[in-house]
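Here the structure comes first, spelled out in structure tokens, and everything after it is commentary.
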Amino acid sequence: MDGFCLELAGKIPGETSGLAGGVTERTLIRRAQRGDREAFDALVRQYDQEVLRLVLRVVRSPEEAQDLYQEAFLKAYRSLARFRLESRFSTWLYRLVTNVCFDYLRRQRTRGEVQITEKGDGEGDHAYTIADDRPGLNPEHALRAREIGRRIAKALSRLTPRERMVFELKHWQGLKLRSIGELCGTSEEAAKNSLFRAMQKMREQLGDLV
């Protein structure tokens with residue numbers, strides 16, 4: 001499935017009514033369900049950046065994110081025949097991606113792994129390192145920023161998979177709790193409770209930073 005590794009460009013909308021050449025998303029879905037690979041690749045191009053952005057918030061490295069990205073679209077390809085057109089394709093796809101991320105977090109938790117990668121230059125997880133490349137930046141400030149990034153990554157690793165996903169979807173993806181509940185296969189109230197528990201744990205770990 002090498003074709004899934006597509007170049008990322010532009011802002012991807014949540015739902016697309018018309019595509020290049022006047023082809024609608026619904027038409028592409030129907031074609032892809034009949035085995036048209038080019039139609040499926042066109043669907044991938046509509047959502048690949050949002051999918052990659054989400055998995056980058058969850059995994060520890062761009063390489064692992066690319067693996068989950070490909071796994072998600074492979075599952076989408078294999079499951080597309082069961083997609084019902086009365087549903088929103090974007091919701092169906094993001095729910096599938098969310099499940100892939102859930103599975104990853106559960107595996108990490110089972111293995112007892114902490115999702116923090118130490119690089120040779122001492123930086124922590126790329127997604128949570130606060131970067132500032134201004135000329136003449138105080139080295140102490142840069143070191144402090146890296147330390148905060150490591151602290152955030154460690155605090156996130158202590159959340160349950162569901163708490164982590166709800167937190168990421170709310171604070172990094174900017175989704176509403178109702179949408180988060182739908183993506184996670186639960187209710188808005190359950191998503192709200194998971195977010196509350198996640199916030200409590202984060203405050204316990206990072207309280208001295210605020």
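Since every read-out is calculated from the coordinates, none of them should be taken as a lab result. The model shown is predicted, which means the values in this text are computed figures rather than measured ones. Neighbour counts are summed over all protein chains in view; Cβ atoms, including those assigned to glycine, are modelled from backbone coordinates with ideal geometry.
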- Going by average Cβ neighbours within 10 Å, how do the peptides 87-99, 33-45 rank, with the highest at the top? 87-99, 33-45
- Query: When ranked by the protection proxy of mean other Cβ atoms within 10 Å per residue, highest first, what sequence do the peptides 169-175, 51-57 form?
  - Reply: 51-57, 169-175
- Note on the structure: Expected unfolding gain across Asn99-Gln33 under the 0.36 nm per residue rule, minus the alpha-carbon gap, is 21.6 nm
